[in-house]
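A.B. asks: What follows is a structure written as structure tokens; I'll ask about it next.
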Amino acid sequence: MIRALLTGRKNQTRRLSAGEANCPFGAPGDRLWVRERWTHAGRSTYRYSADHANDGTRFRPTFHMPRVACRIVLRITSVEPQSLKSISTTDARDEGYDPSSCGLSPRRWFAELWDGIFKSPGKRWQDDPLVWVIRFEILS
């Protein structure tokens, strides 16, 4: 999804809701920094997996990325709860759909992406869980 952010194809995300009254991931105006697979490329220089996917470099996991290495900052523009299957074709495109990567419709692509991440009962596409729809703009 980093490439989708960098190319402007992704401007929203969905996160599972636990039924909270307020979104725990942020509110409009909040800034989020994006973690990605990375490695040092010098004293204060970094390389990112999204830019060097298959060159043999060993990248560190996202959860080890220091904030100083962040190159993508997002600002939340809106947050709303929604049932997962309520995603529109336009919203599925805005989740990062790449029409050249498969022959699937945007919604089918998103459903398969979701099920590739969430396999537990209650969280799968077929279960139609409640999610937070977080729309954002890319600041850097």
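A.B. asks: Given the rule -39500 (n - 2.57) for each run of at least 4 DSSP H residues, summed and divided by the residues of the chain, what is its mean residue ellipticity at 222 nm, to the nearest 500 deg cm²/dmol?
C.D. replies: The helix-only estimate for the chain comes to -4500 deg cm²/dmol at 222 nm.
A.B. asks: Considering Cα pairs under 8 angstrom that are at least six residues apart, work out the relative contact order of the chain and quote it in whole percent.
C.D. replies: For the chain, the relative contact order is 38 percent.
A.B. asks: Would you kindly derive the ³J(HN,Hα) couplings of the stretch 54-65 from the backbone phi angles with the Karplus curve 6.51 cos²θ - 1.76 cosθ + 1.60 (θ = phi - 60°), listing them in order in whole Hz, with x for Gly and Pro?
C.D. replies: Per-residue couplings from phi come out as 10, 9, x, 5, 8, 9, 7, x, 4, 5, 9, 6 Hz.
A.B. asks: Any idea what angle helix 106-117 forms with the longest principal axis of the chain, computed on alpha-carbon atoms, 0 to 90 degrees, nearest 10?
C.D. replies: For 106-117 against the chain, the angle is about 70 degrees.
A.B. asks: Measure out, as a whole number of angstrom, how far apart the alpha-carbon centroids of the stretch 95-109 and the stretch 1-75 sit.
C.D. replies: The distance from the Cα centre of the stretch 95-109 to that of the stretch 1-75 comes to 21 Å.
A.B. asks: Further, regarding this structure: Give me the base-10 log of I(q)/I(0) for the stretch 1-133 at each q in 0.11 Å⁻¹, Debye formula, one uniform scatterer per Cα, rounded to two decimals.
C.D. replies: Values returned for q = 0.11 Å⁻¹ are -0.47.
Only the coordinates and a few stated rules stand behind these numbers; no lab work does. In this text the structure is predicted, and so the values were computed from the model without any measurement.
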